Amino acid sequence: MFDIKWIRANAEAFDAAVARRKGVSVRSSDLLAIDDRRRDIIVRLNQAQEKRNAASKLIGQAKAQKDEAKAEALMSEVTALKDSIQQGEAEERAIELELHNALAVIPNLLFDDVPDGADESGNVEYFGRNGTPETVAKVRAPRPSFSFAPKEHYEIGEALGGMDFEVAAKLSGSRFVVLKGQVARLERALGQFMLDLHTNAHGYTEVQPPLLVKDDALFGTNQLPKFEDDLFFAGHAGGRLALIPTAEVPLTNLVRESMLSEEELPLRFTALTPCFRSEAGSAGRDTRGMLRQHQFNKVELVSITSPEASVDEHERMLGCAETVLQKLGLHYRVMNLCSGDVGFGAKRTYDLEVWLPGQDTYREISSVSVCGDFQARRMDARYRPAGEKQAPRFVHTLNGSGTAVGRCLIAVMENYQQEDGSVLVPDVLQPYMGGLKSIGGR
């Protein structure tokens, strides 16, 4: 969400930044034209109010002088001005809503160093601020090698009796799965492992948020109005609520309409929740297996920081998500998303892509984004700087997956599969699996 005053003062920079965004045609002149109409109405309203106040004073004087004709004429003038003011106020509200709606659908402005590109083909592999391919190779597990043709996760899961897409379709339709037995336990173990890692080692506060949220919360984290078709809504007596598409929504909105102190920052929250997405526009993509589901579990990371700390926090959050994959011994890469692939609310996004031997390719398992004050303005989330008296400032927000549990399950099953159909349990998960070293197999 943008401040129209800032756009007016920085019109050229705004246009240059918006032009980098895929499919966005709005320009500052379009927005300023709406704002000019709003300003004109405000001027007219102020002038009419001044005339009304002056006429109201003259009414008293006319009555004191017993000039009833003049008093009547002035009263008629005041009534006409009152009607004009009410009409003008209605016009002002309509134009303010028009301006608000126009600003609400403009994506965040990207950092200058985000690579240009039309789509995901323009993404660039990222080795960290000071990293190189050689240093990264020392901390990331290598791609696994197999003496047999590796299978995809759904083939492994169905053979183990732990993934049932047919029954899920009878219950709920396509893009759902029933997990059973040791596969279900492995998925649960992954989620608990991630939560314990982020709370114990990375300093995040665990939260159990509501899974149903109001429109205001969705607007705050930019799911509304642009992505309404991706949401599942539930009606109730007080109006509609939406099932969360990600725990980013309730976690970030914990600070909505708040005035924090700088000493409280940074705030770091994590949650393991189900997430619900309609996957609008993804028909025909990843129809087999668990890669693109309407319901899935995810461990979310959210940070609330000062403006000065947010870029460093972005790197820190990326490291927290990477640690999950490193401890699981999964091969992955990090991609710096290009201008045509960065999400609506982000200024920069890193994607973690895990290697899936069954597909013989990398697939996204986490996105880590810094949003600047874009969401804070939509939520009205501020803080008071420490030290000398300064005006309150908007906080900066960040979010990332730490990671998507279902996709991590896919990665573990494909990378740790054995020729006999069993799946080895990574060392860090064995305590969560009652000491089991493998599941399934002959």
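Laid out as a table, the results:
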quantity	calculated
Looking only at region 120-172, and only at residues there that are part of a loop (DSSP other than H, G, I, E, B) and without any contact (Cβ under 8 Å) to a residue 12 or more places away in the chain, the one that is nearest to D420 (Cα to Cα)	A149
Enumeration of residues in region 236-248 that are touching a strand residue (DSSP E or B) at 6+ places or on another chain (Cβ under 8 Å) and either without any contact (Cβ under 8 Å) to a residue 40 or more places away in the chain or surrounded by fewer than 17 Cβ atoms within 10 Å (Cβ to Cβ) (or both)	R240, L241, A242, L243, I244, P245
Residue match in region 354-361 (condition: small (G, A, S) and over 25 Å from V405 (Cα atoms))	no
Residue check, L330 assigned to a loop (DSSP other than H, G, I, E, B) and surrounded by 24 or more Cβ atoms within 10 Å (Cβ to Cβ)	yes
Matching entry among S76, S84 (being of a type outside the set (K, R), at pLDDT below 90, closer than 22 Å to E50 by Cα and exposed (fewer than 12 other Cβ atoms within 10 Å of the Cβ))	S76
First in region 71-97 and closer than 15 Å to S56 by Cα and not assigned by TED's automatic domain parsing to the domain that holds I41, second anywhere and of a type in the set (D, E) and assigned to a helix (DSSP H, G or I), Cβ under 6 Å, 6 or more apart	none
Filtered residues of region 215-239 (kept if assigned to a strand (DSSP E or B) and within 23 Å of Q293 (Cβ to Cβ))	F232, F233, A234
Filtered residues of region 32-66 (kept if without any contact (Cβ under 8 Å) to a residue 24 or more places away in the chain and in contact with an Asp or Glu (Cβ under 8 Å, 6 or more places away or on another chain))	A62
The one condition in (1) assigned to a helix (DSSP H, G or I); (2) among the basic types (K, R); (3) modelled with pLDDT under 95 that R378 fails to fulfil	(3)
Given (1) touching a Phe, Trp or Tyr at 6+ places or on another chain (Cβ under 7 Å); (2) outside any loop (DSSP other than H, G, I, E, B), index of the condition L409 fails	(1)
Of all residues in region 103-141 being of a type in the set (S, T, Y) and at pLDDT below 95, the one that is surrounded by the most Cβ atoms within 10 Å (Cβ to Cβ)	T135
Qualifying strands (runs of 3 or more DSSP E) (wholly inside region 251-322; at least 1 residues being in contact with a strand residue (DSSP E or B) (Cβ under 6 Å, 6 or more places away or on another chain) and surrounded by 23 or more Cβ atoms within 10 Å (Cβ to Cβ))	267-276, 295-305
Output for region 237-264, where each listed residue is basic (K, R) and farther than 19 Å from A376 by Cβ	R240
Breaking point among (1) out of contact with any Phe, Trp or Tyr (no Cβ under 7 Å at 6 or more places or on another chain); (2) part of a helix (DSSP H, G or I); (3) surrounded by 14 or more Cβ atoms within 10 Å (Cβ to Cβ), for R20	(2)
Some residue of region 429-438 being in the same structural domain as G191 (by TED's automatic domain parsing), surrounded by fewer than 21 Cβ atoms within 10 Å (Cβ to Cβ), without any contact (Cβ under 8 Å) to a residue 24 or more places away in the chain and within 30 Å of P250 (Cβ to Cβ)	yes
Test: residue in region 352-369 that is among the acidic types (D, E), surrounded by fewer than 23 Cβ atoms within 10 Å (Cβ to Cβ) and within 25 Å of L195 (Cβ to Cβ)	yes
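The values are calculated or read from the model by the stated rules, or taken from the named source; none is laboratory data. If you're wondering where the values come from, they're calculated on a predicted model, not measured in any experiment. All Cβ positions, glycine included, derive from the backbone under ideal geometry; neighbour counts span all protein chains shown.
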